[in-house]
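What follows is a single structure, written as structure tokens, with notes after it.
The values are calculated or read from the model by the stated rules, or taken from the named source; none is laboratory data. The shown structure was predicted, so the numbers you read here are calculated from the model rather than taken from an experiment. Here the Cβ positions follow ideal geometry from the backbone for every residue, glycine too, while neighbour counts run over all protein chains shown.
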Amino acid sequence: MVVLAYGCSSDGADDPGRITIDLSIAPGSSTPLLLGRPLGGRGAGVEIHGPDGIVMAVHSMPVTLGTDPPGDELEAGPAPLGFEIVVPAAAMCPGHSPRDAVTEGVEPGEKAHTLTVRVRDPAVARHRTAHGIADAGDLLVASWPPGPEPADGGGTFPDDDTPARSAEATG
């Protein structure tokens, strides 16, 4: 799973805005990854960490699919499965706004905010096991800025035993 883009939008001066995150999932092999509906079961989890700690944390977020095929399963592969998560301003921690969360830390020398998104599905573990991956967990994680592991504690979701990290990210 990868973050394709994210940003803030607003419908005017009186609208506190929202954060929109575009992501995609690819199977990492020629075998399609068949995921359940709704994507992530309980929904997606999203966190943003800033230089001084957590800026936003929300769990069980619904996703909107780029295309919504018929049937009980969603197929990633051979084409990636694209989806979007929209996080309302109400999810922000006190003193933070959606705009600040996506624009602070972008100047040279500033510490960037870290976005981490997680999606769980038992099909992920089955797919990994079928392809010989020893740590066949059911968690997909995408972070921005991209890197091999979530930065600054990103991905330490309350229902996880360890900080989130995907098997694909570590090789």
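Laid out as a table, the results:
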{"item": "Residue check for A5: in a loop (DSSP other than H, G, I, E, B), out of contact with any His (no Cβ under 6 Å at 6 or more places or on another chain) and without any contact (Cβ under 8 Å) to a residue 24 or more places away in the chain", "result": "no"}
{"item": "Residue list for the stretch 34-66, filter: in contact with a Leu (Cβ under 8 Å, 6 or more places away or on another chain) and of a type outside the set (G, A, S)", "result": "L34, L35, R37, L39, V46, E47, I48, V63, L65"}
{"item": "Count - residues of the stretch 8-27 that are touching a residue at least 24 places away in the same chain (Cβ under 8 Å), of a type in the set (G, A, S) and assigned to a strand (DSSP E or B)", "result": "1"}
{"item": "Those residues of the stretch 4-47 which are in contact with a Ser or Thr (Cβ under 7 Å, 6 or more places away or on another chain) and closer than 22 Å to G95 by Cβ, in sequence order", "result": "Y6, G7, S9, P16, G17, R18, T20, E47"}
{"item": "Conditions (1) touching a strand residue (DSSP E or B) at 6+ places or on another chain (Cβ under 6 Å); (2) at pLDDT below 85; number of the one not met by E104", "result": "(1)"}
{"item": "Any hit, the stretch 63-74, residues being within 14 Å of L115 (Cα to Cα) and surrounded by 13 or more Cβ atoms within 10 Å (Cβ to Cβ)", "result": "no"}
{"item": "Filter result for A57 (at pLDDT 90 or above, surrounded by fewer than 13 Cβ atoms within 10 Å (Cβ to Cβ) and within 12 Å of the chain's Cα centre (by Cα))", "result": "no"}
